[in-house]
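The next block holds one structure in the form of structure tokens; read it before the comments.
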Amino acid sequence: MGAGSAVVGFGLNLRPMTDADLPMVAEVEAAAYSHPWSMNVIRGCIKMRYDAWVAELEGVIRGHLFIQCVLDEAHLLNVCVHPTLQGQGFGRQLVAHAEARCEQLGASRIILEVRPSNKPARRLYRDAGFERIGVRPGYYPGHGSREDAWVLSKYL
Ligand SMILES: CC(C)(COP(=O)(O)OP(=O)(O)OC[C@H]1O[C@@H](n2cnc3c(N)ncnc32)[C@H](O)[C@@H]1OP(=O)(O)O)[C@@H](O)C(=O)NCCC(=O)NCCS
């Protein structure tokens, strides 16, 4: 599979993100996260040439994915599905696509951070074979105090 678009099931179409997608990606991001990435952060990720994908359903962006790959290690920076569509298997498809892309990019390992309070994401990653390898204290902003991140890893 190249870096073109990929239909991965249930009509979900994954294609590389472009600058024109920014407003919709920011909208999904804001709907899905308590502390979403700003438009500037998203723009910066594209500018940095991170591997960025949108997931479309019937032509409407409903999810996104950001991967940073350095040598043989990939960092899964963001996996996001619009709240109205969560729990239908799309997150699992995005993670499967991320793994395929990481392999294409030459990674032998994927790491990511997740909030311990984010049970859906923890279960998604656990089921995909990720294991906890560490904690980054106070990594995430919170309501009041900051929240730790669990660092998860999977060898490809
Ligand atoms: C995490 C996220 C990407 C999962 O996407 P999704 O489309 O809902 O996930 P899926 O429907 O593919 O479900 C995959 C697994 O996630 C877990 N999961 C999904 N929704 C869940 C829920 N409400 N409660 C608990 N576990 C849940 C389950 O393990 C599920 O597997 P199962 O259906 O076999 O039980 C989505 O919840 C999301 O975008 N959240 C906001 C952004 C975010 O937190 N991203 C991760 C940052 S590390």
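What the table shows:
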read-out	value
Pair list, Cβ under 9 Å, 6 or more apart: the range 75-87 residue more than 24 Å from ARG49 (Cα to Cα), other residue within 8 Å of the ligand (Cβ to nearest atom)	PRO83/ALA32; LEU85/GLY63; GLN86/ALA32; GLN86/PRO120; GLY87/VAL81; GLY87/PRO120
Selection from the range 85-138 of residues that are hydroxyl-bearing (Ser, Thr, Tyr) and more than 15 Å from LEU156 (Cα to Cα)	SER117
Any hit, the range 108-125, residues being touching a residue at least 24 places away in the same chain (Cβ under 8 Å), among the polar types (S, T, N, Q) and under 30 Å from ALA20 (Cβ atoms)	no
Test: residue in the range 146-153 that is over 27 Å from ARG49 (Cα atoms) and either β-branched (Val, Ile, Thr) or surrounded by fewer than 14 Cβ atoms within 10 Å (Cβ to Cβ) (or both)	yes
Flag for LEU65 being free of Cβ contacts under 8 Å to residues at least 60 places away in the same chain and either within 12 Å of the chain's Cα centre (by Cα) or open to solvent by less than 60 Å² (accessible area, probe 1.4 Å) (or both)	yes
Counted residues, the range 69-117 - those being within 12 Å of the ligand (Cβ to nearest atom), surrounded by 17 or more Cβ atoms within 10 Å (Cβ to Cβ) and assigned to a loop (DSSP other than H, G, I, E, B)	2
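The values are calculated or read from the model by the stated rules, or taken from the named source; none is laboratory data. Predicted, not measured: the structure shown is a model, and the values here were computed from it. As a convention, Cβ positions derive from the backbone with ideal geometry for all residues, glycine included, and neighbour counts pool all protein chains shown. Ligands, DNA and RNA are stripped out before the accessible areas are found, and what is left, the full protein with its side chains, is counted by its heavy atoms. Shrake-Rupley method; radii C 1.70, N 1.55, O 1.52, S 1.80 Å.
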